[in-house]
Amino acid sequence: WFMVLRRQTFAGHTLSLIGFPGAAGAILIGLSPAFGYFGFCLAAGVIIAMASPPVGSALYSEESAVIGSVQAFSLACGFLFVNLYHGDLNGLTNLLFGSFLGITNGQVVSLLAVALPALVALGLIARPLLFASVDPEVAAAAGIPVRLLAVVFLLLLGVAAAEASQITGSLLVFALLVLPPATAQVITGRPLLGIGLSVLLGLAVTWAGLVMAYYTPYPTGAFITTLSFAAYVAARGIRVLNARTSKEPASMREAMT
């Protein structure tokens, strides 16, 4: 939700894709893919945060160039690691497209151990982060460490991307990072309600996609992404209709007066 609010979806996309070369590199040297996921995502988060201009500055548009450079280099590394790896490539395919039905109890426990501290950290910085996201210049003038918050937030975003990529794959995780919170922000502008709604939407489309994939021969990711996009389009359509209907009575009153 904060990623969409801060207009850092490109950064989220890059952090999602960076999990792929990280995991491929870890497999190449004989380590668990989890080390590659978290190592690459966290390192990329720090690089993007430190190399990008502050949010709201005149040079903020340069962030896209920094992120694009990091993304291009990481993808090149990923393809290199895949070519250097001479083992079974089915596991590497799962790095991109995920394996919802191959989740182990150990993965659930490890992800929970990482998710809880990340949620606590996000809760601690939520209020100043919201202020810095809405009006960074005023927040900086008020003494809020805007730059430090940007680094911490991208680290937490990297943790979230690394966690989800181990199950969803590097390609699908971006859809879950963007579409549910984007839909929630269309529906409501209240922060707490929007965050809760984005979580519920993410859970709903994921479970619905799993059920649909169970009864059909098509992949889970296609259903989850399609349902997420459909929810976003529906929310935008309802918002446009509501705006038009609210303008009609006002125009009628003006005509009568």
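Being at pLDDT below 80 and closer than 29 Å to T220 by Cβ is a property that holds for F97.
Taking the range 123-222 and the helices (runs of 4 or more DSSP H) fully enclosed by it, the elements with 2 or more residues that are among the β-branched types (V, I, T), at pLDDT 85 or above and surrounded by fewer than 23 Cβ atoms within 10 Å (Cβ to Cβ) are at 146-187, 191-214.
The values are calculated or read from the model by the stated rules, or taken from the named source; none is laboratory data. Because the structure is a prediction, the values reported are computed rather than measured. So basically every Cβ, Gly included, is an ideal-geometry build from the backbone, and we count neighbours across all protein chains shown.
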